[in-house]
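S.K.: Before anything else, here's the structure in question.
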Amino acid sequence: MAESQDPLELRIQNLTKTYKNGVKALDGVSLVIPRGLYGLLGPNGAGKSTLMRTIATLQEPDSGTIRFGGIDVLAQKEEVRKLLGYLPQDFGVYPRVSAEEMLDHLALLKGITHGKERREVVHAMLHRVNLWEHRRKALTGFSGGMRQRFGIAQALLAEPRLLIVDEPTAGLDPGERNRFYNLLAEIGENVVVILSTHIVQDVMELCRNMAIIHQGRVLFAGSPDAAVEGLAGRVWTRGVARDQVEDYKARMPVISHKLVGGQPQIHVLADAAPEPGFTAIRPDLEDVFFAHIAGLGAR
């Protein structure tokens with residue numbers, strides 16, 4: 001007998017989307033996303049937000065299928081929305097409305113109609129995201145981190161089984177970022193959480209599984225550890241003069257370069273030292289990301 005599918009598993013098959021201006025945002029995307037935190041990593045414009053909006057039933061693909069357990073996401077949108085929490089990249093707030101008032105209004109829109117139950121849900125959520133002491137403060141006075149915590153609160157109101165967060169830590173200070181990480185990690189124990197980001201560290205610190213997407217295509221899908229292992233023994237580095245960077249890029253498979261102590265440091269992908277002066281280094285997920293984006297990837 002075949003093993004039954006986990007009801008908390010998202011299956012995306014051959015998803016495509018081309019906009020009217022000719023931009024192919026999704027090009028045959030196929031992914032299996034299990035319960036837990038799943039990182040969707042890619043540069044700006046890679047197609048991540050298009051994929052997130054499609055999963056969230058906010059736009060239609062040209063072709064392909066999405067299933068969440070036994071639900072056909074594209075055909076049963078209302079069923080999906082009952083199970084969905086969504087924190088978009090640009091989460092708007094309303095002026096002169098307190099966090100408690102706004103959350104109460106959103107809870108009502110999500111179907112929590114009984115006043116006493118709604119009040120209990122709202123109060124519990126404000127405590128959960130550490131906004132209780134700020135509950136009567138206008139949302140316009142919130143810091144970036146507080147707004148993100150409010151955003152995650154509204155996304156969690158109906159106890160979703162599928163949570164999508166799109167570029168959630170942009171603009172957060174380190175303390176707020178860590179608090180947000182901890183909250184996501186707690187949530188991700190029992191639901192599917194898709195974390196869409198271009199920040200490699202977010203995926204390194206949070207996710208057991210991930211995919212790299214670029215120009216609408218999946219370049220890698222698997223665990224971060226497996227991705228890094230795929231480059232083991234193949235990343236080399238050396239410091240170079242500023243005016244030499246372009247020459248090295250023309251002659252070698254340079255996957256990245258950055259300033260270290262004011263001097264450019266290049267990373268090259270090769271099976272052996274490209275030339276004298278290079279030192280082998282232990283690869284990390286950033287090397288994986290840049291290698292795949294450059295079209296090099298793992299063997």
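S.K.: Return yes when VAL80 is of a type in the set (Val, Ile, Thr), out of contact with any Pro (no Cβ under 9 Å at 6 or more places or on another chain) and modelled with pLDDT of 90 or more and no when it is not.
M.R.: Yes: the conditions hold for VAL80.
S.K.: Can you name every residue in the range 242-274 that is of a type in the set (Gly, Ala, Ser), within 32 Å of the chain's Cα centre (by Cα) and under 20 Å from VAL288 (Cα atoms)?
M.R.: Within the range 242-274, SER256, ALA270 meet the criteria.
S.K.: List the number of the failed condition for ALA75; all other conditions in (1) aliphatic (A, V, I, L, M); (2) modelled with pLDDT of 95 or more; (3) surrounded by 15 or more Cβ atoms within 10 Å (Cβ to Cβ) hold.
M.R.: (3)
S.K.: Can I ask one more? Could you check the range 125-140 and list, in sequence order, the residues that are surrounded by 14 or more Cβ atoms within 10 Å (Cβ to Cβ) and outside any loop (DSSP other than H, G, I, E, B)?
M.R.: MET125, LEU126, ARG128, TRP132, HIS134, ALA138, LEU139
Yes/no per residue for (1) among the charged types (D, E, K, R); (2) over 29 Å from the mean Cα position of the chain (by Cα); (3) under 27 Å from GLY39 (Cα atoms); (4) surrounded by fewer than 22 Cβ atoms within 10 Å (Cβ to Cβ):
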{"residue": "GLN201", "(1), (2), (3), (4)": "no, no, yes, yes"}
{"residue": "ARG217", "(1), (2), (3), (4)": "yes, no, yes, yes"}
{"residue": "PHE220", "(1), (2), (3), (4)": "no, no, yes, yes"}
{"residue": "ALA227", "(1), (2), (3), (4)": "no, no, yes, no"}
{"residue": "GLY239", "(1), (2), (3), (4)": "no, yes, no, yes"}
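S.K.: Might you let me know whether the range 224-241 holds any residue that is of a type in the set (Lys, Arg) and touching a Leu at 6+ places or on another chain (Cβ under 8 Å)?
M.R.: Checked against the condition, which is being of a type in the set (Lys, Arg) and touching a Leu at 6+ places or on another chain (Cβ under 8 Å), the range 224-241 yields at least one hit.
S.K.: Next question, about the same structure. May I ask you to say which residue of LEU37, LEU83, LEU41 is crowded, with 21+ Cβ neighbours inside 10 Å and within 30 Å of HIS134 (Cα to Cα)?
M.R.: The conditions single out LEU37.
S.K.: Oh, and also: May I ask you to list the residues in the range 276-299 that are surrounded by fewer than 17 Cβ atoms within 10 Å (Cβ to Cβ) and on the phi > 0 side of the Ramachandran plot?
M.R.: Residues satisfying the conditions are GLY277, GLY295.
S.K.: Just to check your reading of the model, which residue among THR113, THR50, THR65, THR57 is farther than 27 Å from TYR181 by Cα, surrounded by 13 or more Cβ atoms within 10 Å (Cβ to Cβ) and polar (S, T, N, Q)?
M.R.: THR65
S.K.: For PRO88, only one of the following conditions fails: (1) crowded, with 17+ Cβ neighbours inside 10 Å; (2) within 22 Å of the chain's Cα centre (by Cα); (3) at pLDDT 90 or above; (4) closer than 24 Å to THR169 by Cα. What is its number?
M.R.: Of everything listed in (1) crowded, with 17+ Cβ neighbours inside 10 Å; (2) within 22 Å of the chain's Cα centre (by Cα); (3) at pLDDT 90 or above; (4) closer than 24 Å to THR169 by Cα, PRO88 misses just condition (3).
S.K.: Considering the range 187-243 alone, what residues qualify as being among the acidic types (Asp, Glu) and free of Cβ contacts under 8 Å to residues at least 24 places away in the same chain?
M.R.: ASP225, GLU229, ASP243
S.K.: How about the range 123-147: which of its residues are under 14 Å from GLU101 (Cα atoms) and among the β-branched types (Val, Ile, Thr)?
M.R.: THR140
S.K.: Can you tell which of LEU172, LEU162 is over 25 Å from PRO34 (Cα atoms) and under 16 Å from the mean Cα position of the chain (by Cα)?
M.R.: Residue meeting the stated conditions: LEU172.
S.K.: Across the range 160-181, what is the number of residues that are modelled with pLDDT of 85 or more and either part of a loop (DSSP other than H, G, I, E, B) or out of contact with any Pro (no Cβ under 6 Å at 6 or more places or on another chain) (or both)?
M.R.: Looking only at that region, the number is 6.
S.K.: Whether any residue in the range 205-222 is in the same structural domain as ASP27 (by TED's automatic domain parsing), among the basic types (Lys, Arg) and in contact with a strand residue (DSSP E or B) (Cβ under 8 Å, 6 or more places away or on another chain) is what I want to check.
M.R.: There is at least one residue in the range 205-222 that is in the same structural domain as ASP27 (by TED's automatic domain parsing), among the basic types (Lys, Arg) and in contact with a strand residue (DSSP E or B) (Cβ under 8 Å, 6 or more places away or on another chain).
S.K.: Something else: Looking only at the range 254-299, count every residue that is touching a Pro at 6+ places or on another chain (Cβ under 8 Å), among the small types (Gly, Ala, Ser) and farther than 12 Å from TRP236 by Cα and tell me the total.
M.R.: 1
The values are calculated or read from the model by the stated rules, or taken from the named source; none is laboratory data. It should be emphasised that the depicted structure is a prediction, and the values quoted were computed from it without experimental measurement. Cβ: placed from backbone, ideal geometry, glycine included. Neighbour counts: every protein chain shown.
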